[in-house]
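Single-structure report; data block below.
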Amino acid sequence: MTAPRFVTLLNEQIGHEFSAHQQYLACAVHYDALTMPQMAGFFYAQAMEERSHAMMMVRFLLDTGARVELSGVAVPQTRFADVVEPVALALEQEKRVTEQIHALTRTAREEDDLAAEQFMQWFIKEQVEEVASMSTLLAVATRAAGVDALEDWVAREHHDEGGDPTAPPAAGA
């Protein structure tokens, strides 16, 4: 049985993941409106990834017989001063999610919930990648000599690499 304290926090995290989905969608729309298809595509993909993370968490709760409680999501920021601001916001969001994932993992460990702790390991790895990716993108966006240079970099460096075969299953997939 999954520890009740972990279930509560994981249900909260599902809400955070859906909020991240909405925020990345808002970032994508911002870039789409600026006719920046590479940045828009990058953030549309990020939005879908966050949704997938939420659905992985849903699947884990269902598979362990725990109750899934979906909550509302925070209203995303939709107005940005320039092309750098959404990336800076995304990096801060990823850092916050990393702390949330670490707290979930600590809770699973404290509750001696080995299945929950093992489940969280993939998310720890994922957050290292996400923070690194957004940190690099922010550095490039900050120093890029114009929109075209940023678009070219994203087109060159961020292409669909396929799914991660070690990722937990997602509900509805």
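Tabulated data for the structure shown
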item	result
Dimensionless Rg/Rh of the range 23-91 - Kirkwood Rh, Rg from C-alpha atoms	1.11
Where the chain is the region considered: accessible area per residue in Å², 1.4 Å probe	52
Mean-position separation - Cα centroids, the range 95-152 and the range 17-47, in angstrom	17
Using alpha-carbon coordinates, inclination of helix 114-143 to the longest axis of the chain, degrees	10
Potential extension, E49-A74 segment - 0.36 nm per residue separation minus Cα distance	7.2 nm
For T8, net neighbour charge (Lys/Arg +1, Asp/Glu -1) across residues whose Cβ lies under 12 Å away	-1
Neighbour count of at most 14 Cβ within 10 Å plus DSSP loop: longest GluC sites (Glu not before Pro)-free window in the chain	70-160
Exposure rule at most 12 other beta-carbon atoms within 10 Å, DSSP loop trypsin sites (Lys or Arg not before Pro): the chain longest free segment	80-173
Between 0 and 90°, nearest 10: helix 4-33 axis offset from the chain longest Cα axis	10
Kirkwood Rh and Cα Rg combined as Rg/Rh, the range 1-40	1.34
Förster radius 30 Å - calculated FRET efficiency between D152 and A88, Cβ distance, rounded to 0.05	0.90
Distance in nm between pseudo-label sites at R143 and V131 (7 Å out along the Cβ direction from Cα)	2.1
Net charge over other residues, Cβ less than 10 angstrom from the Cβ of A108 (K, R count +1; D, E count -1)	-2
Virtual spin-label span in nm between D164 and A115, 7 Å along Cα→Cβ	2.2
Kirkwood hydrodynamic radius over Cα pairs of the range 12-137, then Stokes diffusion coefficient at 25 °C and 0.890 mPa s, in µm²/s	161
Between 0 and 90°, nearest 10: helix 37-63 axis offset from the chain longest Cα axis	0
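The values are calculated or read from the model by the stated rules, or taken from the named source; none is laboratory data. Small disclaimer: the values here were computed from a predicted structure and weren't measured. Counting neighbours? That spans all protein chains shown, and the Cβs are built from the backbone with ideal geometry, glycine included. What goes into the accessible areas is simple: the full protein's heavy atoms, side chains included, and nothing from ligands, DNA or RNA. Shrake-Rupley method; radii C 1.70, N 1.55, O 1.52, S 1.80 Å.
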